[in-house]
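The values are calculated or read from the model by the stated rules, or taken from the named source; none is laboratory data. Since this is a predicted model, take the numbers as computed values, not measurements. Counting neighbours? That spans all protein chains shown, and the Cβs are built from the backbone with ideal geometry, glycine included.
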């Protein structure tokens, strides 16, 4: 066994593929999401991985049928108590936690004017708040492991074009990337060289429930889609890389596989054989560092200040 991997947001699409491929590569996997079902009653099996018939229970059955070790534990990432119970149950069942992958996400692409408050709140609770809760619940167990472990976040590089036409969504996803950068700095500052957090994002659109609507409108749009295996391959490459190499990276699946996975031919990932899916992300991203990167002035630690007042 390579370790215990908890995949949050594993009921279908990219999350399902990541869970299946982690199991194929020797990981014990805990699949988690809000949706559940009676997997034994699903016929034909396995179901369409991008349909609502695909749940953590069908994913778990798929992994079990292939000889993998898996548990399905439901979670509502909007409820921190539910998230804590998920992480606690994972460690109670398997005795450890080595990898946390946060793939849960709520999406609404529209202008600020056309994004209702309830939709905005849902995205913030599922995206940055859910991630923060999962990280908070997991860090004590990584500490028990001697700060040896990996956190992988599905969030983008930070750049201005990403905000266009979907500001409310971008606020939450970029916040997740800020958490990646900030926690990575915490790991570095504390000398935790075997602990890493990495953000990963698709360079081209990936076949999923979200992209399926575009195929329904025009089947030729499938030529611009890649299979979700490119994403799971990128995550596996991240987990194989030294922690110091990937800590704090905001990477794209294609770029990481090219630079660190030795992949030069991406044709096998095309949904339509022979097609060349359009890259939707920039070739280069701004460097977020500044010349005064290490000049923080007077460092403030609120936990220390609070203790001093007690």
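For every residue, the table says whether it meets (1) over 20 Å from the mean Cα position of the chain (by Cα); (2) within 19 Å of residue 180 (Cβ to Cβ); (3) surrounded by fewer than 13 Cβ atoms within 10 Å (Cβ to Cβ).
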| site | (1), (2), (3) |
| --- | --- |
| 215 | yes, no, no |
| 236 | no, yes, no |
| 266 | yes, no, no |
| 269 | no, no, no |
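Of all residue pairs spaced 6 or more apart or on separate chains, those with beta-carbon atoms under 8 Å, a first member in region 135-161 that is over 18 Å from residue 188 (Cα atoms) and a second member that is modelled with pLDDT under 95 and surrounded by fewer than 21 Cβ atoms within 10 Å (Cβ to Cβ) are 158/286; 158/288; 159/286. In a residue-by-residue description of region 280-289, the property of being surrounded by 15 or more Cβ atoms within 10 Å (Cβ to Cβ) and either modelled with pLDDT of 90 or more or under 21 Å from residue 206 (Cα atoms) (or both) applies to at least one position. When you scan region 291-309, do you find a residue that is in contact (Cβ under 8 Å) with a residue 40 or more places away in the chain, in a loop (DSSP other than H, G, I, E, B) and at negative phi, even just one? No: region 291-309 contains no residue that is in contact (Cβ under 8 Å) with a residue 40 or more places away in the chain, in a loop (DSSP other than H, G, I, E, B) and at negative phi.
Evaluation of residue 220 against the conditions (1) more than 20 Å from the chain's Cα centre (by Cα); (2) under 16 Å from residue 49 (Cα atoms) shows that the sole unmet condition is (2). Assessment of region 182-201 against the conditions (touching a residue at least 24 places away in the same chain (Cβ under 8 Å), over 22 Å from residue 287 (Cα atoms), in contact with a helix residue (DSSP H, G or I) (Cβ under 8 Å, 6 or more places away or on another chain) and in a strand (DSSP E or B)) yields at least one matching residue.
Quick one: which of 42, 18, 29, 4 is more than 22 Å from residue 100 (Cβ to Cβ) and in contact with a helix residue (DSSP H, G or I) (Cβ under 6 Å, 6 or more places away or on another chain)?
Within the list 42, 18, 29, 4, the selection yields 42.
Just one of (1) surrounded by 19 or more Cβ atoms within 10 Å (Cβ to Cβ); (2) in contact with a strand residue (DSSP E or B) (Cβ under 8 Å, 6 or more places away or on another chain) fails for residue 54. It is (2).
Only one of 69, 65, 48 is touching a strand residue (DSSP E or B) at 6+ places or on another chain (Cβ under 9 Å) and surrounded by fewer than 22 Cβ atoms within 10 Å (Cβ to Cβ). Can you tell me which?
Numbers: 65 fails: touching a strand residue (DSSP E or B) at 6+ places or on another chain (Cβ under 9 Å); 48 fails: touching a strand residue (DSSP E or B) at 6+ places or on another chain (Cβ under 9 Å).
Exactly one of 69, 65, 48 is touching a strand residue (DSSP E or B) at 6+ places or on another chain (Cβ under 9 Å) and surrounded by fewer than 22 Cβ atoms within 10 Å (Cβ to Cβ), namely 69.
Exactly one residue among 265, 255 is under 30 Å from residue 20 (Cβ atoms), part of a loop (DSSP other than H, G, I, E, B) and at pLDDT 95 or above, and that residue is 265.
The condition of being more than 13 Å from residue 135 (Cα to Cα) and buried (at least 16 other Cβ atoms within 10 Å of the Cβ) holds for residue 106.
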